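A short worksheet on the structure shown next.
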Amino acid sequence: MNRAEIFDKIEPICRKIFGEGVEFTEKTKATDIEKWDSMNHVTLIAAVEKEFAVTFDLMEIIGITTLGDFVDLIEKNKLNADH
Amino acid sequence: MNSLTDHIRNNLYAFYDCISELCGINTGKQMPWSVSVNIPGLWPRLIYRINSDMLAPMVSDNFTEWIKTGHAPELLIASDENIRQTDPFLRQQGFYPFAAWKGMAISNIMHHTPTALPDGIEIIRTQSSSDREDWLKIVNSELLAPLNMDKALLEGILSEPAFEAYILKNKGVGVSTILTFTTKDSMGLYLLATAQKEQKKGYAGMLVQYILDKYAYRSNNPIILHATQAGEPLYLKLGFLPINQFYLYRQLKADL
């Protein structure tokens, strides 16, 4: 799965949580979206973990600031799982 | 002798305990965790003092039961002590980490040289009613706690000798605040806030420096504070060192 394919799976999750009418890109960060508060942040983390069947490490979660960071983490997790 | 890590934790926990008691809240100190509910100006439904004691079988069962019976807190603060073990436990309970802050400390400040304040700047201990109103206005508008701190709570806090509130004024107008909390072996700095239009002008740094200068004459105990990533560079510049880390958790409410 490449970055674009990973992001294509993350985007609908974002729409569910943050609603329509917002453009989501890998560069989108919490301050860009009004509804991206701490509650929705943990909802997003849990939903992405579930979608990709991964569990992020504590320090990985703390480091998340953009949607692209989720893509990085999925890539890293998938890479680790393959080895 | 306590380590700096102990000082940071102990000061924070004592700070919450003290304010919770002022609010008439039973913090549940008999438990290995403590709970505060609806502290205006701070956090609503907060659990703190989360550490490895939590993992003892009886304690973890008790906590799980407590959460199941509708006592879920909005926020939970876990120290980094054995966080690799407590994190999976908290996640099993439906709590997810979302942010972290660093506990920082400065010690051996006895030989500090006081710094002169620029023209027009004064820092005063808030005693008058109008200064306290200005102090509250800045704290409530900038710290974004879900509930505002009211005047009665501030009066209660400042009636305790452990607390002192300071305000920095530029040409007579309040721009920056801080609350100090002194225990027998450390001083904690809390509620450091600067009015939005006055930010990035160095006022917070001046205020912290003023406290360092003042405290250096009183004690050689360490001064501790809690820094977000954004605040860390300023505190490093002032001589604070990062010592430990705290993690903030929220309970997952919606399962997509």
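Read the figures in this text as sums done on the coordinates, not as results from a lab. Everything quoted here is computed from the prediction, not taken from an experiment. All Cβ positions, even for glycine, are placed from backbone atoms using ideal geometry, and neighbour counts span all protein chains on display.
See the values below:
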{"item": "Projected label distance in nm at B:Thr64 and A:Glu51, using a 7 Å step from Cα toward the beta-carbon", "result": "3.1 nm"}
{"item": "Where a label projected 7 Å from the Cα of B:Lys184 along Cα→Cβ would reach, residues of region B:217-250 with amide N under 17 Å", "result": "B:219-222"}
{"item": "Helix B:57-68 axis, angle to chain B major axis (alpha carbon atoms, nearest 10°)", "result": "80 degrees"}
{"item": "Percent RCO, i.e. relative contact order, over chain A, from Cα pairs under 8 Å lying at least 6 residues apart", "result": "39 percent"}
{"item": "For region B:132-256: lysine pairs under 22 Å (alpha-carbon distance), excluding those fewer than 8 apart on one chain", "result": "20"}
{"item": "Label-point separation in nm, B:Asn220 to A:Glu23, each point 7 Å along Cα→Cβ", "result": "6.1 nm"}
{"item": "Residue-averaged [θ]222 nm for the protein assembly as shown, counting only DSSP H segments that reach four residues, each worth -39500 (n - 2.57)", "result": "-12500 deg cm²/dmol"}
{"item": "Mean separation of Cα contacts under 8 Å, 6 or more apart, over the residue count of chain B: relative contact order %", "result": "28 percent"}
{"item": "Prolate/oblate/rounded label for region A:3-82 (Cα gyration tensor, a/c 1.5)", "result": "prolate"}
{"item": "Label-point separation in nm, B:Arg84 to B:Lys137, each point 7 Å along Cα→Cβ", "result": "5.1 nm"}
{"item": "Antiparallel DSSP beta bridges within chain B, as percent of all bridges there, nearest 5", "result": "85 percent"}
{"item": "Selection of trypsin sites (Lys or Arg not before Pro), region A:1-81, meeting DSSP coil and at most 13 other Cβ within 10 Å", "result": "A:Lys27, A:Lys35"}
{"item": "Ascending count of other beta-carbon atoms within 10 Å, so fewest first, for A:His41, B:His7, B:His71", "result": "B:His71, A:His41, B:His7"}
{"item": "Degrees, to the nearest 10: B:4-22 long Cα axis against longest axis of chain B", "result": "90 degrees"}
{"item": "Overall form of region B:108-221 per C-alpha gyration tensor (a/c, 1.5; a/b vs b/c)", "result": "oblate"}
{"item": "Most mobile of B:Thr183, B:Thr69, B:Thr86 in a GNM of chain B (Cα contacts under 10 Å)", "result": "B:Thr69"}
{"item": "0 to 90° range, to nearest 10: angle between helix B:83-92 axis and chain B longest Cα axis", "result": "60 degrees"}
